[in-house]
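Here is the structure we will look at.
The values are calculated or read from the model by the stated rules, or taken from the named source; none is laboratory data. Since the structure is predicted, the reported quantities are computational estimates derived from the model, not experimental observations. Note that each Cβ is placed from the backbone with ideal geometry, even for glycine, and that neighbours are counted across all protein chains shown.
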Amino acid sequence: MNKKKSLLGFINWIFLASTFVVISCGKAPTQNDIYGVWKGEHLGKQLMFKFNNDGTCVLNFKDNVSDSAEILIGNFKMNFSQKPITLSIRNIPQLNHPLHTIVEFVKMDSIKLANFAPRWRIRPITFDPIASMNLRRINNNE
């Protein structure tokens, strides 16, 4: 009888552990999840990033104090096989170098980006809670 209880307890534990893993993992993000307009604020600047399904993007940085804005246009590529997910923006006419960072999908309508780096090798590999940019997806009517 003890062996049956032990076996039943072990099977229940495996079932619960498997259920927890499936629920906690959720849906893995894909390229389609980044498309759209994302807004946030970081270091005194209003951020608005638009990622288009043709691989182009527009990054808008508006200073809260001076009201000046810097707009960067380029082509983006994400690598979902790497953890954390990498994001590179190239062919930026306003800069003479690409931008590289990492992305985390916090929720389907919320992402976190690390600071941008001009070279792939010096891009961040972890998120700094103070320096990270938190963006939320906006609807077209906002």
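A few comments on the model shown:
- Among residues of segment 115-133 being farther than 22 Å from T30 by Cβ and charged (D, E, K, R), the one that is nearest to the chain's Cα centre (by Cα) is D128.
- Reported count of residues in segment 94-110, each being surrounded by 12 or more Cβ atoms within 10 Å (Cβ to Cβ), more than 17 Å from I130 (Cβ to Cβ) and touching a strand residue (DSSP E or B) at 6+ places or on another chain (Cβ under 6 Å), is 7.
- Of note, G36 satisfies the criterion of being surrounded by fewer than 17 Cβ atoms within 10 Å (Cβ to Cβ), in contact (Cβ under 8 Å) with a residue 24 or more places away in the chain and of a type outside the set (S, T, Y).
- Qualifying position, being out of contact with any Ser or Thr (no Cβ under 8 Å at 6 or more places or on another chain) and assigned to a strand (DSSP E or B), among L95, L135, L59: L59
- Scanning segment 62-92 for residues that are in a loop (DSSP other than H, G, I, E, B) and either of a type in the set (D, E, K, R) or buried (at least 16 other Cβ atoms within 10 Å of the Cβ) (or both) turns up D67, K83, P84, I92.
Yes/no matrix, rows are residues, columns are (1) more than 27 Å from A28 (Cα to Cα); (2) out of contact with any His (no Cβ under 8 Å at 6 or more places or on another chain); (3) of a type in the set (A, V, I, L, M):
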{"residue": "H42", "(1), (2), (3)": "no, yes, no"}
{"residue": "K45", "(1), (2), (3)": "yes, yes, no"}
{"residue": "P93", "(1), (2), (3)": "yes, yes, no"}
{"residue": "K107", "(1), (2), (3)": "no, yes, no"}
{"residue": "L113", "(1), (2), (3)": "no, yes, yes"}
{"residue": "L135", "(1), (2), (3)": "no, yes, yes"}
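- Only a single item in (1) modelled with pLDDT of 95 or more; (2) under 24 Å from S132 (Cβ atoms); (3) in contact with a strand residue (DSSP E or B) (Cβ under 6 Å, 6 or more places away or on another chain); (4) not β-branched (V, I, T) is not met by N91, and it is number (2).
- Segment 117-131, residues that are touching a residue at least 24 places away in the same chain (Cβ under 8 Å) and surrounded by 10 or more Cβ atoms within 10 Å (Cβ to Cβ): W120, R123, I125, F127
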